[in-house]
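Written out below as C-alpha cells is the structure these notes cover.
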Amino acid sequence: VTLPDGIELAGFPGQREIAWQTSLVEGKNLLPLNLIAVTPAGGEVVARLEHDSRNRTFRLRVEVS
C-alpha cells in the first residue's frame, strides 16, 4: 500500500509505504484500511496485490474536506 503525503494508515504513523505477506482463503477476503488525514491535501492510495506471477493494482482517490 502506498499513501500520498498527508494521509496515514492507522497504526503506521509517518509511513508512506506499507508491505506485508499473508495467507488468503478461497472466497471474499476483506482488508479494512483505516486512513487518517493529517493534512487537507488528499491524493491517491495505491494497493498492489501479488500472487505467484500475477499482480493487480487498485487505486483510490482520497478527498479531504
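Of all residues in segment 1-26, those being part of a loop (DSSP other than H, G, I, E, B) and either on the phi > 0 side of the Ramachandran plot or of a type in the set (A, V, I, L, M, F, W, C) (or both) number 11. A count restricted to segment 18-31 and to residues that are at pLDDT 90 or above and surrounded by 10 or more Cβ atoms within 10 Å (Cβ to Cβ) stands at 1.
Looking at segment 32-65, which of its residues are assigned to a loop (DSSP other than H, G, I, E, B) and open to solvent by less than 100 Å² (accessible area, probe 1.4 Å)? Before you say what the answer is, go through the steps one by one.
Going residue by residue through segment 32-65, those that are assigned to a loop (DSSP other than H, G, I, E, B) are 32-34, 38-42, 52-53, 63-65.
Result: Leu33, Val38, Thr39, Ala41, Gly42, Val64.
Does Glu8 satisfy being at pLDDT below 95 and either touching a His at 6+ places or on another chain (Cβ under 6 Å) or not β-branched (Val, Ile, Thr) (or both)? Judged against the criteria, Glu8 is not a match. Every test in (1) under 9 Å from the mean Cα position of the chain (by Cα); (2) open to solvent by 100 Å² or more (accessible area, probe 1.4 Å) is passed by Leu9 save one, and that test is (2).
Count of segment 16-54 residues, restricted to those that are closer than 25 Å to Asp5 by Cβ and over 15 Å from the mean Cα position of the chain (by Cα), is 4.
The values are calculated or read from the model by the stated rules, or taken from the named source; none is laboratory data. What you see is a predicted model; the values in this text were computed from it and never measured. Cβ atoms come from the backbone with ideal geometry, glycine included; neighbour counts cover every protein chain shown. Keep in mind that these areas ignore ligands, DNA and RNA; they rest on the heavy atoms of the full protein, side chains included. Shrake-Rupley method; radii C 1.70, N 1.55, O 1.52, S 1.80 Å.
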